[in-house]
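What follows is a single structure, written as structure tokens, with notes after it.
Rule-based calculations on the coordinates, nothing more; no lab input. Just so you know, these numbers come straight off a predicted model, no measurement behind them. Cβ atoms come from the backbone with ideal geometry, glycine included; neighbour counts cover every protein chain shown.
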Ligand SMILES: C[S@@+](CC[C@H](N)C(=O)[O-])C[C@H]1O[C@@H](n2cnc3c(N)ncnc32)[C@H](O)[C@@H]1O
């Protein structure tokens, strides 16, 4: 799965630091953010993990992207509906990854608009830039809680499937509020809500995964070889383990941890608000909106679900199951997406 040479990866671990490459569009305004040891660790783990796995990111997330595409097309159409503003808008895709949302937004934009992709992983940003050619893309390697953007400078701010990777999501949302212009749009896509880990869909997805694993003859041969001590392994698990091992070594060499971390602990940090400790898992969408965006107009709040990724040969089965379950559980998705619009000053006092 991961086709990088180990030595090359180790080199990358050593050379990339959070603020290393930063062709920042504007000077950072310097927001207060969580700089505790854990927060720094979570950021560095995310940076390393996404740097090391971006080569396979699009393949691994192909199905998720297919499900999420229509929401982002709707958002890009809202950009087109922005009456009176023809060009020169600033659009930001935070935690852009390999550019799934960036590309959709780019296609809806005027050549004079400014599109800025931000991510903590330089390797992911490189992929996003390749995907968005020939659009002119500005890039910044930065943390979501310290955006290199001026106050009230952004017309549309997008985050997709990424807030739960960040150690201080509230700090990130405060930054979004700081940089959005009055009347600017904020679109947050496909974050886990509080039901995420208890939802029937999540359980069914897990069951389908297990079934697919046990039904796969090649996996069974590997399992049998491993049982006989002949060295058979699950290739994808093995490569995830290798990545986690490298991350752990890198963190130790940087003095961020004393003892090696096991793969589960590393993966819990990658998905900082989605796995592991229950108190960190998922967001309360309505509470978020009420607490952080009281002066915003709610344009859209949708809940959705899908069964996650599947090996290629099981995808048709999973797509069919997805459709059936969506019909059966229309309003109980464990992911939420929303679009809010910042009120123009004075508008919030209007009756
Ligand atoms: C699941 S990927 C989503 C990527 C993309 N938005 C998509 O939908 O395909 C999460 C992304 O968040 C980025 N990320 C994680 N922590 C971050 C942070 N603190 N600041 C900025 N980006 C971060 C990762 O590097 C990764 O590219």
**Request:** Could you compute the FRET efficiency for residue 284 and residue 264, with r as their C-beta to C-beta distance and R0 at 35 Å, rounded to 0.05?
**Result:** 0.85
**Request:** Would you mind calculating the relative contact order of segment 88-172 from Cα pairs under 8 angstrom and at least 6 residues apart, reporting the percent as a whole number?
**Result:** 37 percent
**Prompt:** For residue 87 and residue 317 in the same chain, what is the full-extension length gain: residue separation times 0.36 nm, less their Cα-Cα distance, in nm?
**Reply:** 78.4 nm
**Complete:** Plugging the Cβ-Cβ distance of residue 151 and residue 194 into 1/(1 + (r/R0)^6) at R0 = 35 Å yields, to the nearest 0.05, a FRET efficiency of 0.65
**Fill in**
So for R0 = 25 Å, FRET eff. of residue 174-residue 138 from the Cβ-Cβ r, to 0.05, ends up at 0.65
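For segment 52-119, what is the relative contact order in percent, using Cα pairs closer than 8 Å and at least 6 residues apart in sequence?
On the way: 61 pairs, mean separation 25.4, N = 68.
Relative contact order here is 37 percent.
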**Mean Cβ neighbour count within 10 Å, used as a protection proxy, ranking 39-50, 121-132 highest first** = 39-50, 121-132
**Request:** Calculate, in nm to one decimal, what residue 324 and residue 77 gain on full extension: separation in residues at 0.36 nm each, minus their alpha carbon distance.
**Result:** 86.1 nm
**Request:** Distance from a point 7 Å along Cα→Cβ of residue 56 to each backbone N in segment 247-263: keep the residues under 20 Å and list them by number.
**Result:** 247-250, 262-263
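Would you please put 249-262, 105-118 in order of how densely packed they are, using the mean number of other Cβ atoms within 10 angstrom per residue and starting with the highest? Before the final figure, lay out the partial values.
Numbers: 249-262: 14.1, 105-118: 19.0.
Going from most to least packed, we get 105-118, 249-262.
So between residue 253 and residue 38, what do we pick up on full extension, going 0.36 nm a residue minus the alpha carbon distance? Provide the component values of the computation, followed by the final result.
Working: separation 215, 0.36 × 215 = 77.40 nm, distance 1.68 nm.
That pair, residue 253 and residue 38, stretches by 75.7 nm at full extension.
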